[in-house]
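Some notes on the structure that comes next.
The values are calculated or read from the model by the stated rules, or taken from the named source; none is laboratory data. Predicted, not measured: the structure shown is a model, and the values here were computed from it. Here the Cβ positions follow ideal geometry from the backbone for every residue, glycine too, while neighbour counts run over all protein chains shown.
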């Protein structure tokens, strides 16, 4: 009898073509990129947690909002974090958490 194990099937679809990926060379680059993607109307009210997904050249493949909480906190699920990172074939990540 062959071993049988449940598995997740994953497909990769590039929605943002690689020539348009922004390179992150410093923490300032990352900060500016992230600030431009935060909702300015709720940034002072709700905590949120985002992941910047990078390739091996530190070019941004995408930004994923992992969670949005309340005034005093936000929760993340590590299973979802790892699933997003693995599914996007990211080589590096920047974890971000905005707190007032």
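Scanning region 61-73 for residues that are in a strand (DSSP E or B) and either surrounded by fewer than 19 Cβ atoms within 10 Å (Cβ to Cβ) or without any contact (Cβ under 8 Å) to a residue 12 or more places away in the chain (or both) yields 62, 63, 64, 65, 67, 68. Of all residues in region 43-60, those that are modelled with pLDDT under 90, farther than 14 Å from residue 95 by Cα and surrounded by 12 or more Cβ atoms within 10 Å (Cβ to Cβ) total 2. Number of residues in region 78-100 that are in contact with a helix residue (DSSP H, G or I) (Cβ under 9 Å, 6 or more places away or on another chain) and farther than 19 Å from residue 15 by Cβ equals 4.
In region 82-98, of all residues being closer than 8 Å to residue 51 by Cβ and at pLDDT 95 or above, the one that is surrounded by the fewest Cβ atoms within 10 Å (Cβ to Cβ) corresponds to 95. Residues of region 1-26 being modelled with pLDDT of 75 or more and either touching a strand residue (DSSP E or B) at 6+ places or on another chain (Cβ under 6 Å) or within 23 Å of residue 76 (Cα to Cα) (or both), which ones? Across region 1-26, the qualifying residues are 21, 22, 23.
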